Each structure stands twice: as structure tokens, then as C-alpha cells.
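Below: the structure, in C-alpha cells.
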Amino acid sequence: MFIDSTYFVGEINVPNTTKDATNISQAIDQYEKKILIELLGYKLYSLLVADCTDGVPSTQIYKDLVNGSEFDLEFQGQTITLKWEGLKNTAKQSLLAYYTYYKYVEREVTHLSGTGVIMTPSGKGSRASSVDKMCNAWERMRMLYGIIPAHYRRAFLYPIKCVNLSFVYNMDPSAYNFLFSNKSDYPDWIFTPQWNINQFGI
């Protein structure tokens with residue numbers, strides 16, 4: 001695991017992570033792997049995991065991916081220097097955490113009972129919808145992951161191999177832009193975009 005329960009603070013606060021350590025740890029294990037395979041493709045994900053000991057990589061290209069690195073991005077005829085903050089960092093701002101938070105809340109907002117699926121009670125007081133916080137977490141994840149404009153959706157019907165990715169779409173210091181700018185270091189990279197989600201489910 002690259003992140004832990006300490007990432008779930010501020011806008012993605014998960015109450016009682018100490019008391020519910022097993023549940024949040026299981027969610028991190030499950031969802032961290034899922035989003036990394038979406039971002040990297042299974043082969044590059046496997047190479048990354050094999051290079052790590054207790055979440056710490058040994059090879060420089062994987063250190064850069066996990067811990068962050070500056071990179072030069074070519075965009076609209078300009079070369080700009082950006083800083084990819086990494087999959088984990090001291091600021092506790094990780095696409096892994098935002099994705100895990102979204103999926104964890106999605107899963108925990110309901111639970112099974114003998115009579116079917118019911119909403120999990122939020123304690124005393126009025127119950128508030130979790131949709132806005134989930135959508136915010138999803139969009140923060142996408143900013144760090146790499147936003148592909150919606151009108152390119154037809155071009156991304158399937159995951160795209162590194163060699164077939166031909167350009168960048170913005171100047172964000174995202175995982176996509178970092179990987180794209182260093183394609184020669186990650187020849188096994190296969191990218192799957194994450195599309196917009198809003199309160200209407202579209």
C-alpha cells in the first residue's frame with residue numbers, strides 16, 4: 001500500500017479510522033490496486049509492485065512515480081516545467097486517497113440487512129446526502145489522475161497503449177502528463193481515462 005488512513009483528513013475525512021482500521025485498510029487495499037491498474041495498465045502496475053518493498057520503490061523511475069518528480073511538458077508549442085507530487089506525499093494529497101474515499105463512501109452509505117439494502121444511519125440530527133462530497137472527491141482525483149476532455153470519449157473506448165498516446169490536453173501536473181512526458185521510461189504504460197461524475201450520475 002502506498003497510502004494509509006492518515007490521508008483521510010480534511011475534505012475527505014473518514015471518521016473513526018482508528019476504531020474501524022480493518023475496514024479502511026481493506027478499502028485501501030482493494031481500491032488502490034484498482035485505480036493503479038486503470039492508470040498504469042496491469043503490466044506496469046505489476047512491475048511497480050515488484051520494485052517496491054513495503055511501499056518503497058528501489059528503481060528511480062518508480063521512485064519518481066511514487067514520490068513525485070519535476071518534469072518538462074510540451075504543450076501548444078511551449079515547454080513548461082511542472083512538479084508531479086507523486087502517488088504519496090507529505091501533503092497527503094493523493095489520487096489514491098480521493099479514489100478510495102469515493103468508493104468507500106459509495107460502499108458504506110448502505111448496508112445489507114435481513115430485509116434488504118438500507119441507508120446507514122448517520123446518528124442524531126438530520127441525514128445529509130453524501131453526493132456532493134463524493135463528486136468533489138472524484139473531481140479532485142481526476143485532476144491528479146489526468147483529465148481527458150469529454151469530447152475525446154469515443155477515442156478512448158478502450159485502454160490506450162503508451163505508444164498510441166499522441167498528445168496532452170492541459171498543463172496540469174497530473175499523473176497522465178507526468179507519464180506522457182516520460183513515456184520512454186514507462187513503455188508498458190496503458191492508460192484508461194476516468195470520466196466526469198456529477199450529482200445526476202452523468
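The values are calculated or read from the model by the stated rules, or taken from the named source; none is laboratory data. Please read these numbers as outputs of a predicted model, since none were measured by experiment. Counting neighbours? That spans all protein chains shown, and the Cβs are built from the backbone with ideal geometry, glycine included.
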**Request:** Give just the number: which of (1) surrounded by 12 or more Cβ atoms within 10 Å (Cβ to Cβ); (2) polar (S, T, N, Q); (3) modelled with pLDDT of 95 or more; (4) out of contact with any Leu (no Cβ under 9 Å at 6 or more places or on another chain) does residue 60 not satisfy?
**Result:** (1)
**Message:** Restricting to the range 82-97, name every residue that is without any contact (Cβ under 8 Å) to a residue 24 or more places away in the chain and closer than 15 Å to residue 64 by Cα.
**Reply:** 86, 89, 90
**Request:** From 107, 142, grab the single residue that is surrounded by 13 or more Cβ atoms within 10 Å (Cβ to Cβ), at pLDDT below 95 and among the basic types (Lys, Arg).
**Result:** 107
**Fill in**
Of all helices (runs of 4 or more DSSP H) fully inside the range 10-110, the set with 3 or more residues that are in contact with an Asp or Glu (Cβ under 7 Å, 6 or more places away or on another chain) and over 22 Å from residue 138 (Cβ atoms) is 42-51
**Prompt:** For the range 154-182, how many residues meet the condition of being small (Gly, Ala, Ser), closer than 18 Å to residue 79 by Cβ and not in a loop (DSSP other than H, G, I, E, B)?
**Reply:** 1
